[in-house]
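The values are calculated or read from the model by the stated rules, or taken from the named source; none is laboratory data. Treat the numbers as computed from the prediction; the structure is a model and nothing was measured. Using ideal geometry, Cβ is built from the backbone for each residue, glycine included, and neighbour counts are taken over all protein chains shown. Side chains included, ligands, DNA and RNA excluded: accessible areas come from the protein's heavy atoms. Shrake-Rupley method; radii C 1.70, N 1.55, O 1.52, S 1.80 Å.
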Amino acid sequence: MNLFDTLDNKRKNINLSEKKKIKIYVCGITPYSESHIGHAMSAVIFDTLRKYLLANKQNVIYVQNFTDIDDKLIQAAEENNSDIKTISTKFINKHLSALSKLNVLKPDYSPKATEEIKEMINMIQTLISKGIAYEIDGDCFFRVGKFETYGKLSKRNFDEMLAGARIEIDSRKENPMDFALWKTKTGNEPGWESPWGEGRPGWHIECSAMSMKYLGQNIDIHGGGRDLIFPHHENEIAQSEAFTNNPPFSNIWMHNGLINLKSEKMSKSLGNIITIDHLLNKFSAAAIRMFFISGNYKNPLEYNTDLIAANERAIMRLKNTSQLKSSENVDHLNTSIFIKNFHDAMQSDLNTSMALGTIFELSKAINQANTQNINIKKAQEDLNNLLDILGININEDQINEKKANFDKVDEQWIKSQIELRNQYRKSKNFSEADAIRKELLSKGVSLLDSKDGTEWTMQ
Ligand SMILES: [Zn+2]
C-alpha cells in the first residue's frame with residue numbers, strides 16, 4: 001500500500017504483508033466548543049485508513065489527543081463563567097458521542113494534554129540543555145535558527161513563514177519565528193509547577209510529548225488537516241527531532257483537505273460552523289461517511305446537502321441489492337475482479353472514490369446476475385464486507401426514504417415556517433404554532449425547542 005507523504009512530496013510504501021506494528025498519531029481537537037463537520041470529515045478519513053489496515057490484519061496503534069489547555073479554552077471558560085475542566089469535559093464527551101454515531105473507532109489512546117505535563121517539561125528541559133531552546137522570565141522558546149531543516153514540511157523559507165504565520169509579537173524572542181514551548185502563568189489561568197515557575201505548555205510541544213510517550217521516537221503516520229502543516233506540524237518535527245537526534249519523527253505526514261462552506265474554510269472565527277449533531281439529525285451516518293470519502297482525501301470538499309442526499313439514495317440502492325432474494329443456482333456470480341479493484345484503489349494512496357466506484361459496479365453486477373437467475377448470495381456478502389471495511393453500515397436504522405429525498409424538501413421554507421411558529425408562540429397563539437408543527441411533521445420534519453432556539457430534524 002502507498003500513502004502520500006507531505007514531507008517528501010511523494011507516495012511511500014507500507015508493506016501490508018509484514019504484519020508489523022503501524023503507529024499512527026492524529027492531532028485531536030481543542031474541546032472549547034462543539035465539534036463541526038470538518039472535524040468529523042478528518043476523523044472519518046483517518047478512521048477509514050485505520051479500518052482498512054485492520055481489515056488487512058495489521059497491528060495498528062492509533063493515538064489521538066485532546067488539547068485540553070489552550071488560549072481558546074481559557075477564553076471560553078472566562079466567557080462562560082466556568083472553568084477549563086468543565087468546558088473541556090463537556091465538549092470531549094459530545095465529540096466522542098458524535099464520532100461513535102459516525103461509526104468511528106475509539107483511539108487506542110486518547111491522552112489529554114493536562115495529564116501529560118511531566119513529559120512536556122522533560123522535553124523542554126532537554127531542549128534547553130542542548131541549547132536548542134531558551135528561557136526568559138518563566139517563558140521558554142524554541143530556537144528555530146538552531147534547527148537547520150526548519151521549514152522542510154511546509155516548504156517555506158523564513159520570509160514566507162513570517163508572512164504566513166500569526167507570529168506572537170514578543171520583543172524578548174531572539175528571532176520572531178521562535179515559538180513558545182512553555183508559557184508563564186498570568187492572571188487566573190491554570191498553571192503547573194515547572195523548573196521555570198508556574199505555567200502551562202505551548203500547543204506544539206503537547207503533541208510531540210504525547211506521540212513519543214505512547215508510540216516512541218519514530219512513528220509510521222502522523223496525520224491531521226492541511227491547516228496543521230504550518231506552523232503546528234513544522235514545529236512538532238523541529239522540537240521532536242532536535243530532542244531525539246533520531247529522525248524521522250514520522251515516516252509519513254498525511255494531511256486531509258478541509259471542508260468548505262461556500263468556498264470558505266469552516267471555522268468558529270468565521271461563524272460558519274455546522275455541527276456534527278446537526279448533520280446527523282438530517283442524514284444517516286452511512287450517507288455522511290460516504291459523502292466524506294467520495295472525493296480525494298487530500299482535496300477540499302464543498303459542503304453540499306444535495307450531494308449527501310444523493311449518497312443517502314445510493315445507500316438505499318445498495319441496501320436493496322444486498323437484500324435481494326437469491327436463486328439457489330449452483331452457478332455463482334464471480335466477484336474476484338471487483339474485490340481486486342477495490343483493494344487496488346484503497347492501496348493506491350487511499351483512493352476511496354475509486355473504491356466506492358467499484359462497490360457500485362459490483363452492486364450493478366449483482367442486480368444483473370439476479371435477473372439471469374445466477375446465485376448472488378456470496379456476492380451479496382462480498383458487497384457487505386467491502387462496505388464494512390469503509391465503515392459504511394447499510395443496515396443502520398437511520399436510513400430512510402425521507403432523508404434520501406432531503407434535497408426535495410426546501411430548507412429555506414422550513415426555516416421560514418420555524419420563524420413564523422416562533423412569532424405565534426411569542427404572541428401566545430399556540431393553536432397556530434401547533435398547526436405549523438403538525439404540518440412540518442407530516443413532511444417528516446420534527447422540531448425540538450430548547451433555550452438556544454428551535455432545531456429541526458428529518459424523521
Ligand atoms: Zn498536534
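Within the range 299-312, the set of residues being open to solvent by 70 Å² or more (accessible area, probe 1.4 Å) and either assigned to a helix (DSSP H, G or I) or closer than 11 Å to F283 by Cβ (or both) comprises D306, L307. Residue pairs whose Cβ atoms lie under 7 Å apart, separated by 6 or more positions or on different chains, with the first residue in the range 231-242 and outside the structural domain of A209 (by TED's automatic domain parsing) and the second within 12 Å of the ligand (Cβ to nearest atom) and at pLDDT below 95, do not occur. Among the conditions (1) open to solvent by less than 70 Å² (accessible area, probe 1.4 Å); (2) in contact with a helix residue (DSSP H, G or I) (Cβ under 9 Å, 6 or more places away or on another chain); (3) within 16 Å of the ligand (Cβ to nearest atom), F46 misses just one, which is (2). Return the total of residues in the range 88-116 being more than 23 Å from N393 (Cβ to Cβ), in a helix (DSSP H, G or I) and among the hydroxyl-bearing types (S, T, Y). Looking only at that region, the number is 3.
Filtering the range 62-91 to residues that are hydrophobic (A, V, I, L, M, F, W, C), within 16 Å of the ligand (Cβ to nearest atom) and over 18 Å from W192 (Cα atoms) leaves only V63. Regarding the range 53-61, can at least one residue be identified that is within 15 Å of the ligand (Cβ to nearest atom) and assigned to a strand (DSSP E or B)? No, the range 53-61 contains no residue that is within 15 Å of the ligand (Cβ to nearest atom) and assigned to a strand (DSSP E or B).
Testing K19 on (1) touching a residue at least 40 places away in the same chain (Cβ under 8 Å); (2) away from the ligand (no atom under 16 Å from the Cβ); (3) at negative phi; (4) in a loop (DSSP other than H, G, I, E, B), one condition comes back false. Which one is that? Here K19 clears every test but (3).
E135 meets the conditions (1) open to solvent by less than 80 Å² (accessible area, probe 1.4 Å); (2) outside any loop (DSSP other than H, G, I, E, B); (3) closer than 27 Å to W196 by Cα in every case but one. The failed one is (1). Considering the range 196-214, and only residues there that are open to solvent by 20 Å² or more (accessible area, probe 1.4 Å) and within 15 Å of Y134 (Cα to Cα), the residue that is nearest to the ligand (Cβ to nearest atom) turns out to be W196.
Quickly run through the range 373-401 and pick out the residues that are open to solvent by 20 Å² or more (accessible area, probe 1.4 Å) and not in a loop (DSSP other than H, G, I, E, B). Listed by number, the residues that qualify are K377, K378, E381, N384, N385, D388, I389, E401.
Look at K152 and say whether it is open to solvent by 80 Å² or more (accessible area, probe 1.4 Å) and out of contact with any strand residue (DSSP E or B) (no Cβ under 6 Å at 6 or more places or on another chain). Full working, then the answer.
On the way: open to solvent by 80 Å² or more (accessible area, probe 1.4 Å): no; out of contact with any strand residue (DSSP E or B) (no Cβ under 6 Å at 6 or more places or on another chain): yes.
No.
Does the range 234-247 hold any residues that are within 16 Å of the ligand (Cβ to nearest atom) and over 15 Å from A209 (Cβ atoms), and which are they? The answer is E234, and nothing else.
Counting only residues that are assigned to a helix (DSSP H, G or I) and either surrounded by 15 or more Cβ atoms within 10 Å (Cβ to Cβ) or at pLDDT 95 or above (or both), the range 403-419 holds 7 of them. As a summary of the residue check, S363 satisfies the conditions (1) touching a helix residue (DSSP H, G or I) at 6+ places or on another chain (Cβ under 6 Å); (2) among the polar types (S, T, N, Q); (3) under 25 Å from F46 (Cβ atoms) except for the one numbered (3).
Condition check ((1) within 30 Å of D70 (Cβ to Cβ); (2) modelled with pLDDT under 95; (3) surrounded by 21 or more Cβ atoms within 10 Å (Cβ to Cβ); (4) touching a Phe, Trp or Tyr at 6+ places or on another chain (Cβ under 6 Å)) across all residues:
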residue: K12; (1), (2), (3), (4): no, no, no, no
residue: N15; (1), (2), (3), (4): no, yes, no, no
residue: V26; (1), (2), (3), (4): yes, no, yes, yes
residue: S33; (1), (2), (3), (4): yes, yes, no, no
residue: S42; (1), (2), (3), (4): yes, no, yes, no
residue: R50; (1), (2), (3), (4): yes, no, yes, yes
residue: L54; (1), (2), (3), (4): no, no, no, no
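Collect the residues in the range 320-354 that are among the aliphatic types (A, V, I, L, M), open to solvent by 20 Å² or more (accessible area, probe 1.4 Å) and part of a loop (DSSP other than H, G, I, E, B), keeping them in residue-number order.
As a first pass, look at the range 320-354 and keep what is among the aliphatic types (A, V, I, L, M): 324, 330, 333, 337, 339, 345-346, 350, 354.
Keeping just the survivors that are open to solvent by 20 Å² or more (accessible area, probe 1.4 Å) gives 324, 330, 333, 337, 339, 354.
Passing the criteria: L324, V330, L333.
Please go through the range 261-276 and give me each residue that is under 14 Å from the mean Cα position of the chain (by Cα) and surrounded by fewer than 16 Cβ atoms within 10 Å (Cβ to Cβ), ordered by number. The one that is under 14 Å from the mean Cα position of the chain (by Cα) and surrounded by fewer than 16 Cβ atoms within 10 Å (Cβ to Cβ): S267.
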